[in-house]
1. Select from segment 102-112 the residues that are surrounded by 15 or more Cβ atoms within 10 Å (Cβ to Cβ), modelled with pLDDT of 95 or more and either over 14 Å from the mean Cα position of the chain (by Cα) or more than 21 Å from residue 234 (Cβ to Cβ) (or both) and list them in ascending order.
2. Considering only residues that are in contact with a strand residue (DSSP E or B) (Cβ under 9 Å, 6 or more places away or on another chain), surrounded by fewer than 20 Cβ atoms within 10 Å (Cβ to Cβ) and in a helix (DSSP H, G or I), which ones fall in segment 215-229?
3. Can residue 89 be described as farther than 28 Å from residue 172 by Cβ and at pLDDT below 95?
4. Could you look through segment 43-57, keep only residues that are under 15 Å from residue 150 (Cα atoms) and either touching a residue at least 24 places away in the same chain (Cβ under 8 Å) or over 25 Å from the mean Cα position of the chain (by Cα) (or both), and pick out the one that is nearest to the ligand (Cβ to nearest atom)?
5. Scan segment 67-79 and tell me whether some residue there is more than 23 Å from residue 179 (Cβ to Cβ), assigned to a loop (DSSP other than H, G, I, E, B) and touching a helix residue (DSSP H, G or I) at 6+ places or on another chain (Cβ under 8 Å).
6. Looking only at segment 1-42, count every residue that is more than 22 Å from residue 154 (Cβ to Cβ), assigned to a loop (DSSP other than H, G, I, E, B) and free of Cβ contacts under 8 Å to residues at least 60 places away in the same chain and tell me the total.
7. Given (1) in a loop (DSSP other than H, G, I, E, B); (2) crowded, with 18+ Cβ neighbours inside 10 Å; (3) within 16 Å of the ligand (Cβ to nearest atom), where does residue 89 come up short, assuming only one miss?
8. Which numbered condition in (1) more than 16 Å from the ligand (Cβ to nearest atom); (2) surrounded by fewer than 18 Cβ atoms within 10 Å (Cβ to Cβ); (3) part of a loop (DSSP other than H, G, I, E, B) is the only one that residue 60 fails?
Ligand SMILES: [Zn+2]
């Protein structure tokens with residue numbers, strides 16, 4: 001399984017270039033000019049790029065496939081929409097994190113480090129569902145769009161560039177995310193928010209042909225969705241428990 005997933009790292013590296021996606025690369029080059037050599041701005045007051053009143057932001061164009069290690073026993077796969085900053089307290093650390101993520105399956109668990117808004121939300125919701133160990137040891141995370149967009153998903157529209165015979169970055173990530181999930185064969189798939197729920201043709205529950213996992217649609221925890229997300233997570237975990245007892 002690990003090697004099959006590693007293939008996606010090399011496949012994506014092969015297609016992700018300015019020949020295939022000239023407009024996207026032009027956009028990121030223009031966008032990134034303002035960051036200069038360092039590639040980020042920050043106001044943590046400790047890192048080299050730290051300036052008073054500068055908000056945390058860094059260059060675009062990097063990507064991340066998995067956000068967690070590929071655990072030995074994966075029971076849950078969680079899919080969100082876009083990669084936000086990986087460390088919301090420091091631009092320097094956030095940029096280093098995303099740069100390290102594009103090459104390989106991570107050894108760090110960005111879902112349990114608590115450095116991003118998503119991570120904090122997941123820790124809180126899994127704790128409320130008494131499933132912290134499942135999050136830590138058996139949950140793999142990725143996004144429907146692998147290219148990082150930061151705190152907003154507005155730039156995703158710029159990744160819809162299509163050329164003859166070359167699917168857009170968004171469409172490629174969508175299809176390959178589905179394939180990665182079918183390779184992992186989890187028991188439960190949590191799709192966070194409307195965009196992620198487009199995976200598997202918007203199908204949910206058991207009614208899909210891609211495997212035996214249960215698809216739980218969840219409200220995204222950001223923008224005031226924490227309580228609803230926790231409720232949806234608990235519903236998904238109930239299904240997972242039912243399946244577990246069936247296979248014992
Ligand atoms: Zn900083």
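The values are calculated or read from the model by the stated rules, or taken from the named source; none is laboratory data. In this text, all values refer to a predicted model and were calculated from it rather than measured experimentally. Virtual Cβ from ideal backbone geometry, glycine too; neighbours counted across all protein chains shown.
1. The answer is 105, 106, 108, 109, 110.
2. Across segment 215-229, the qualifying residue is only 228.
3. So residue 89 passes the test.
4. Selected residue: 56.
5. No, segment 67-79 has no match at all.
6. Qualifying residue count, segment 1-42: 5.
7. (2)
8. Against the list (1) more than 16 Å from the ligand (Cβ to nearest atom); (2) surrounded by fewer than 18 Cβ atoms within 10 Å (Cβ to Cβ); (3) part of a loop (DSSP other than H, G, I, E, B), residue 60 comes up short only on (2).
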